[in-house]
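One structure below.
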Amino acid sequence: MAKARRSSARAATRSRPAGFVKAKDAAKRTRPRPAAAGKAGGERSDKGAPAKVAIERLPEPARAIARALDRLIRLCVPGCTASVKWGNAVYRTGDLAFAAIMETKRGVNLALPGAALSDPQGLLEGTGKVMRHVKMHSVAEVSRAGVRELIVAASEVGLKGM
């Protein structure tokens, strides 16, 4: 038994010309993302690049927040290395990753192996088995009490494979 066709009035409102993009979707597409090299599932062209590449690609105000976080991480953990992985700035000590700076719609997240960290200030958010994050919406939030302590503690725990 064949399904009845929808009324032509309803169908006409749903059909859009080819290439039509809703206004809310168009805003998401304004900033180009680096394309993966080769076929689907290939390596990103920026993988392994210095973290500065990922940070400078961010729009303002996220870029200013990420720069402040980058300075703080390098100050708290001297000798750490930073590179691009998954399009984000990832910080390592030896072969263990301990932090990542990730862009959000309203700012930046500082991702840490937070499930293993004590957080007396209550800054860590999220429910992941391993990773938690600290949300940063302004440069002033980078200097909140407890952020330095979390970064130092995360560098001691670290994660393999991040």
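The values are calculated or read from the model by the stated rules, or taken from the named source; none is laboratory data. These figures come from a predicted structure and were not determined experimentally. Glycine gets a Cβ as well: all are built from the backbone with ideal geometry, and neighbour counts include every protein chain shown.
Matching residues to (1) at pLDDT below 90; (2) more than 23 Å from PRO50 (Cα to Cα):
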residue: ASP95; (1), (2): yes, no
residue: ILE101; (1), (2): no, no
residue: ALA115; (1), (2): yes, yes
residue: ARG132; (1), (2): no, yes
residue: MET136; (1), (2): no, no
residue: ARG148; (1), (2): no, no
residue: ILE151; (1), (2): no, no
residue: GLY161; (1), (2): yes, no
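Under 7 Å by Cβ, and 6 or more places apart or on different chains, what pairs join a residue from segment 96-107 that is under 20 Å from GLU149 (Cβ atoms) with one that is surrounded by fewer than 16 Cβ atoms within 10 Å (Cβ to Cβ)?
Qualifying pairs under 7 Å: LEU96/LYS160; PHE98/VAL157.
Hey, can you tell me all the residues within segment 37-60 that are surrounded by 15 or more Cβ atoms within 10 Å (Cβ to Cβ) and at pLDDT 85 or above?
Selection gives ARG57, LEU58.
Among strands (runs of 3 or more DSSP E) lying entirely in segment 66-162, which contain 2 or more residues that are touching a Ser or Thr at 6+ places or on another chain (Cβ under 6 Å) and surrounded by 13 or more Cβ atoms within 10 Å (Cβ to Cβ)?
Hits in segment 66-162: 88-93.
Could you give every pair whose Cβ atoms fall below 9 Å, whose first residue belongs to segment 115-140 and is free of Cβ contacts under 8 Å to residues at least 12 places away in the same chain, and whose second residue is of a type in the set (S, T, N, Q), counting only separations of at least 6 or pairs across chains?
If the second residue must be of a type in the set (S, T, N, Q), the pairs left are GLU125/ASN109.
Examine segment 51-60 for a residue that is farther than 16 Å from VAL134 by Cα and among the acidic types (Asp, Glu), and state whether such a residue exists.
yes
Write out, first by first residue and then by second, each pair whose Cβ atoms fall under 6 Å of each other, whose residues are 6+ apart or on separate chains, and whose first residue, in segment 64-84, is free of Cβ contacts under 8 Å to residues at least 24 places away in the same chain while the second is among the acidic types (Asp, Glu).
Short answer, once both residue conditions are applied: none.
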